[in-house]
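Every number in this text was worked out from the coordinates using simple rules, so none of it is lab data. Model, not experiment: these values are computed from the prediction. Backbone-built Cβ (ideal geometry, glycine too); neighbour counts: all protein chains shown.
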There are 4 protein chains.
Amino acid sequence: IAKVVDFRNMPAFPGRKINSHKGMMGKLLCIGGNEQYGGAIRLTAEAALRTGTGLVKVFCHEASRQTVNNTRPEIMVETRTEQLQQTLGWSDAIVIGPGLGQDSWSIKVLEAALSHCLEQHKHLVIDADALNLIAEHQRLVIPQNLAIITPHSGEAARLLKVTATEVESDRYKAATRLTQTFKTVSVLKGPGTLITSQGNTWVCENGNPGMATGGMGDVLSGVLGALLSKGISNRLSALYGVCLHSHAADIAAQENGEIGLLASDLFPYIRKLVNTEKTDA
Amino acid sequence: IAKVVDFRNMPAFPGRKINSHKGMMGKLLCIGGNEQYGGAIRLTAEAALRTGTGLVKVFCHEASRQTVNNTRPEIMVETRTEQLQQTLGWSDAIVIGPGLGQDSWSIKVLEAALSHCLEQHKHLVIDADALNLIAEHQRLVIPQNLAIITPHSGEAARLLKVTATEVESDRYKAATRLTQTFKTVSVLKGPGTLITSQGNTWVCENGNPGMATGGMGDVLSGVLGALLSKGISNRLSALYGVCLHSHAADIAAQENGEIGLLASDLFPYIRKLVNTEKTDA
Amino acid sequence: IAKVVDFRNMPAFPGRKINSHKGMMGKLLCIGGNEQYGGAIRLTAEAALRTGTGLVKVFCHEASRQTVNNTRPEIMVETRTEQLQQTLGWSDAIVIGPGLGQDSWSIKVLEAALSHCLEQHKHLVIDADALNLIAEHQRLVIPQNLAIITPHSGEAARLLKVTATEVESDRYKAATRLTQTFKTVSVLKGPGTLITSQGNTWVCENGNPGMATGGMGDVLSGVLGALLSKGISNRLSALYGVCLHSHAADIAAQENGEIGLLASDLFPYIRKLVNTEKTDA
Amino acid sequence: IAKVVDFRNMPAFPGRKINSHKGMMGKLLCIGGNEQYGGAIRLTAEAALRTGTGLVKVFCHEASRQTVNNTRPEIMVETRTEQLQQTLGWSDAIVIGPGLGQDSWSIKVLEAALSHCLEQHKHLVIDADALNLIAEHQRLVIPQNLAIITPHSGEAARLLKVTATEVESDRYKAATRLTQTFKTVSVLKGPGTLITSQGNTWVCENGNPGMATGGMGDVLSGVLGALLSKGISNRLSALYGVCLHSHAADIAAQENGEIGLLASDLFPYIRKLVNTEKTDA
């Protein structure tokens, strides 16, 4: 029942306007990178930059600052919790989760971000440990009609209070239930990633087994966040972003092989694809 | 009324003399990179190196040292405030502002730099938070006839005590007023960057919407500082540097696309352009 | 008596299955990188990623975290000793030794890893200082039939309580004795690396003098660990991994020269070789 | 009276022997990188690796460890002063000076290195601040017939107790006096670098104004140290190394331009040149 989507049949990326300046190209806040986990949010942030967000700021633990910033000086970094509210306010959209961890810092930051998005009607991507925390803590609530959630099977199972095997046995059903339960656009990652919004399910035709490597999900959440930050709808961001990410991986694998493909290998291909001229479908 | 300038019609970059040594190629001091903001001055410093300054030193907060130095060991770094006077004295020209922040460290360092330039008749580029601080604190005064200032619309508005909308509604007038008020060469950044010196206004024909991304201004200030450090006049540095920076972005965008272009992507193109042989115009 | 093995005559690398996800592609734990020695385990970890392990985690000293993580965000890092047991439990296979050092931290970590592998029947690669510690401390025992050990001549001599000259004078005998004494697969590194398992000895025909440079052994241990993490047998991992590593160095040397070849130069060639289609031999 | 030397007329680099291992390819210790000055010794170390030393260790200040190690994990790093004697003992040759600074740590380390080389008849390169300290402190004595010194004009002037202008006015005489006074091979850097040994002076024909940029001298000292570590004589190391370094810069400048050439841009060209087959002259 899922409709097939393929990047090669999708419309071109909306080009930049001539009188653009960096603030108009989107301001994305990426939240994660707790102590010991700086690498994940580093990947998210560069993915967003390469997808074309004008400004990307990372809110992370001070211990992760250098991992995030040293090899990519274009990423802005904020680590002071007393600046969190102001930093949330600065953003056009938010990604939360990659490397967030599950300690008290994580919960505090996640709670603040969820509240902020609810109050400000701001769109956000919720990924990784943010989903695990939400599954576990009742007071952490996904703001309705504002979020894209991006669980893999295990995270989906925790959100739905079922087993991962149950999710795997009927992925279509699991994805649909996620959207219905949480009033979100849901991206259920895996071979044949499913995207669901109210009443619709798509399956992404792009992608390859080489994507089964650490950090690939972090890159996806950055791509999605970048699209949200430009004011693109959750549904279109999810459809376009999932296919873009997977198709970039396909080209990277074709050029240098599926095995040993790393998440950051996708960056040049993402940039290439968002700049491809296409006839609007 | 603004004259059009285009890198492709400008004279060639002045070549190096055969008996040059590194001290003769210019010594540029880049000041900024407060705690949490190391990336900006990192971009400025490499831009200056790629534009051909012989020696580039960064004065930054100790917390930013590794962000500045770890991936570009050719940059010298000084973080000790007790060495600030000596470091100022070492330089042929100064860039101040990228990642400077607005705390007490920022003010102290900016005040010292402005005094030093005034006393020594040293040329400088003033950018970003340095402009914001000057707009706010009366005792921080731009030394007359020595500076290039590089505001975007918001910073220009703060300096002129008007709104950003007013600046945007007549950019030509705003740029002219900046030069008249502060006795500077002014670079009003944006689509169609304006350069003004006493009695003259130019508009840069180079550039593209892909430049609306974080760090592009930091790169520009490094290019301008490099030119100043070689003894080139403020007016010519501003004209040549703005067009060089924008034309480098044009080539980078032509080769790999406007969207997802990052500030540091410009470095190889800057180097390429300063080495291009041209018939002197 | 040693059989000759050559990468060019070996079967193709087992491809990824279509319905793979990252946990199924192998989870490898790389242990080492004590204070002052972060570089070694950094090399091991990326080698494993480029050989195709789905997830690579490094357990190292906190002082080495940034050296391991900052230029390769795909590597997960854990530095908290209270998390060691859980981290051991997470893994499918283990590499221990590169940059491990020989202090109390080293011994404690090594002892825990050896016990864990013995209890869990988990396969592991033992390299470098882990071998030196085992040679010196009676209570550190290699778990039988689970390990690949990768000594150079000096480390082999310490394990066998003979001199390095004795090892060098009959490398075949030394390799055989290592396997018999410790019930391992043994890789005796050097020009003409020997691989021995119970009753068999092979000599690797690939390789070149350019490999005599720091970090080459760290890369080898990562390659071997990656193969183990995918459930490939110790014997086949050793044969395939040693030849893969040496052949990658041969191609790297052919392209850019033997002299000045560095260990990390091998990464793209490793990836290339594991993706090469071959007729199964 | 100086003989002209040119890399293009020099014999080929001595190739590696088939039965080499990394310890036989030379062990070079690079000493420098005081607090605030990590970049310089980082450049020296990679230059040595790319010239073909088997093992390179840096002894530096703890504050510089990450700058040295994070982007080049093949470099070993030692920062503990209590390990200095052992580290000196490990080496086949030493480079001292790049980023050494002039504080008490600098003096202590330099004194130890000079004593060690004198006692062990070990060859060394003395550069940068090590030369400044020797010029200033009588008890710091260059061990006779063991060192290559690599001053620029200012450092030469300090060593000879004359002005830089006097050095510049007769560079040939200054170079000769350095060799006579200190019983060294002397490399007087500048346009037309001079190499002198007892009774002989050469002028290097290679090189270009693009080399007048920060860090070029640090790279040269690494090249020279690498050659010493392989047992090549001081005189031949100086002749071959100076020309190799300058010719690498010439090729780099031809390919991408003199202006904006950075010191680390030379690494691939150095590797290329040491691997070039030539008919022995």
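Structure values in brief
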quantity	calculated
Least to most buried among A:T87, A:T193 (fewest other Cβ within 10 Å first)	A:T87, A:T193
Inter-copy separations for B:E166, label at 7 Å along Cα-Cβ, nm, ascending	6.4, 6.4, 9.1
Choice from A:K230, A:K173, A:K189 with maximal GNM fluctuation in chain A (Cα, 10 Å cutoff)	A:K173
Peptide D:61-69, shielding by other chains (average Cβ, 10 Å cutoff)	6
Shielding by partners - mean other protein chain Cβ count within 10 Å, residues of A:75-87	2
Assigned charges on the beta-carbon of Lys, Arg, Asp, Glu; the range A:167-281 dipole about Cα centre (debye)	520
Across the identical copies, how the D:L236 labels are spaced - nm, sorted shortest first, 7 Å along Cα→Cβ	5.0, 5.0, 7.1
Net charge of neighbours whose Cβ lies under 10 Å from the Cβ of B:P151, counting Lys and Arg as +1 and Asp and Glu as -1	0
Within 10 Å of each Cβ in A:49-56, the average number of Cβ atoms from other chains	5
Around C:N200: net Lys/Arg minus Asp/Glu count, Cβ-Cβ under 12 Å	+2
Candidates B:G225, B:G26, B:G257: whichever shows maximal mean-square fluctuation once chain B is modelled as a Gaussian network with Cα springs under 10 Å	B:G257
For the range C:188-221 and the range D:171-212, distance of Cα centres in Å	44
Considering only the protein assembly as shown, percent of DSSP beta bridges that pair antiparallel, nearest 5	25
FRET E, pair A:T276, D:E277, Förster distance 51 Å, beta-carbon r, rounded to 0.05	0.70
GNM top mover of D:R50, D:R139, D:R177 - chain D, alpha-carbon springs below 10 Å	D:R139
Cα gyration tensor category, rounded, prolate or oblate, for chain C with a/c compared to 1.5	rounded
Distances in nm from C:K3 to the matching label points in the other copies, shortest first (labels 7 Å along Cα to Cβ)	5.8, 5.8, 8.1
Extension gain (nm, one decimal) between A:E111 and A:R139, 0.36 nm per residue minus Cα-Cα	9.2 nm
Estimated 222 nm signal from helices in chain B, with DSSP H stretches of n ≥ 4 weighted -39500 (n - 2.57), rounded to 500	-13500 deg cm²/dmol
Distance between modelled label sites at B:L236 and B:T181, nm, 7 Å Cα→Cβ extension	3.0
Nearest-20 debye value, chain D charge dipole, Cβ charges on Lys, Arg, Asp, Glu	740
Sorted by Cβ neighbour density within 10 Å, fewest at the top, the residues A:S197, A:S229	A:S197, A:S229
When each of B:K122/B:K161; B:K27/D:K3; C:K272/D:K230; B:K57/D:K57 is checked by Cα-Cα distance, pairs over 30 Å	B:K27/D:K3; C:K272/D:K230
Ascending count of other beta-carbon atoms within 10 Å, so fewest first, for A:V5, A:V77	A:V5, A:V77
Centre separation in Å (Cα based) which lies between the range A:36-90 and the range D:59-119	35
